[in-house]
Amino acid sequence: MALVKILVIPGSLRTGSINARLAAVVAKEFALANVEVTRLSLADYPLPIYDGDFEVKSGVPRNAVNLERMMSSHHGIVFVTPEYNSSLPALVKNAIDWVTRVEDRGRTQGQVFRERAFAMASASEGKLGGSRCLAALRLILSGCRATVIPNQLALSFADQAYDDAERLKLQADRDALQAMVTQLIEVAQQTMRGA
Ligand SMILES: Cc1cc2nc3c(=O)[nH]c(=O)nc-3n(C[C@H](O)[C@H](O)[C@H](O)COP(=O)(O)O)c2cc1C
């Protein structure tokens with residue numbers, strides 16, 4: 001069977017982002033599980049805020065098409081996103097909104113979501129670890145008829161979560177990460193077999 005390919009998408013562009021930091025740890029865990037992993041930055045896919053008039057006039061932006069192609073070329077996708085006001089940041093929602101509008105290379109609108117396995121993680125300096133954002137994101141992805149795996153990682157007190165070797169300090173966090181990685185690979189493999 002072809003190697004499973006996993007795409008990690010951090011939901012923050014901020015210098016020193018705790019979610020970009022967690023995304024690096026997540027990507028490393030996939031690499032240790034012997035799958036091919038790509039970590040992108042949404043800074044490389046700048047998009048206007050979705051506006052139907054813009055779409056009618058100018059079509060779907062090239063960066064949305066490129067992002068959809070990047071997602072399509074992987075079997076499993078992980079969002080690692082901050083929580084903003086109990087939900088997800090506009091950066092992530094806007095990227096999802098635009099990608100659902102893409103029709104490309106015989107793929108219909110939203111097909112990239114329907115045919116892939118998704119996982120989610122979030123990091124917050126608070127106690128809940130961004131878990132309300134994960135609930136919101138799960139609802140959105142499920143609405144896109146994506147397969148969203150049950151295991152997820154909400155990293156609480158993320159500013160204190162790492163040891164000197166940049167590993168997660170708490171066994172509970174390591175277990176949650178491991179469970180998410182293992183399950184996404186399994187479900188992505190099933191998706192590949194069904195394709
Ligand atoms: C507009 C805004 C809303 C926020 N709302 C929440 C929230 O609801 N829950 C939470 O845990 N943190 C919240 N935060 C704090 C973020 O978790 C914190 O800024 C975090 O560092 C952002 O992620 P990043 O470091 O990956 O950019 C909020 C931050 C901002 C700027």
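The values are calculated or read from the model by the stated rules, or taken from the named source; none is laboratory data. Keep in mind that what you see is a predicted model, and the values were worked out from it rather than measured. Using ideal geometry, Cβ is built from the backbone for each residue, glycine included, and neighbour counts are taken over all protein chains shown. The accessibility values were calculated without ligands, DNA or RNA, using every heavy atom of the protein model including side chains. Shrake-Rupley method; radii C 1.70, N 1.55, O 1.52, S 1.80 Å.
Quick notes on this one:
- You can think of it this way: the chain between S142 and D163 has 4.1 nm of extra reach, that is 0.36 nm per residue less the Cα-Cα gap.
- Cα→Cβ-extended label distance, 7 Å offset, between Q171 and S41, nm: 3.8
- Pairs of Lys residues in the chain that lie 8 or more places apart, or on two chains, and have C-alpha atoms under 29 angstrom apart add up to 9.
- Taking the helices alone, the chain has a mean residue ellipticity at 222 nm of -13500 deg cm²/dmol, built from -39,500 (n - 2.57) per DSSP H run of at least 4 residues and averaged over all its residues.
- Choice from V99, V60, V26 showing the highest fluctuation, given a GNM over the chain with Cα pairs closer than 10 Å: V60
- Listed residue (S142, L91, I9) projecting farthest to the positive dipole end of the chain, Cβ model: S142
- Remark: the R193-N85 segment gains 35.0 nm on full extension, using 0.36 nm per residue and subtracting the alpha carbon distance.
- The apolar share of the surface of the chain, taken as the fraction of accessible area on carbon and sulfur atoms (1.4 Å probe, ligands and nucleic acids excluded), comes to 50 percent.
- Length-normalised contact order of the chain in % [C-alpha pairs under 8 Å, at least 6 apart]: 22
- Of interest is the spacing of the C-alpha centroids, which for the stretch 3-38 and the stretch 161-187 amounts to 12 Å.
- Heavy-atom accessible surface of the chain, averaged per residue, reaches 49 Å², computed with a 1.4 Å probe.
- The stretch 100-195 shape via C-alpha gyration tensor axes, a/c threshold 1.5: prolate
- Contour minus Cα-Cα distance for V56 and E115 (0.36 nm per residue): 18.6 nm
- More than 28 Å apart - percent of Cα-Cα pairs taken over the chain: 22
- The stretch 43-107 and the stretch 111-151 have Cα centres spaced 15 Å apart.
- In range of the label at A2: residues from the stretch 73-116 whose backbone nitrogen is under 18 Å from the point 7 Å along Cα→Cβ: 73-78, 104-108, 111-116
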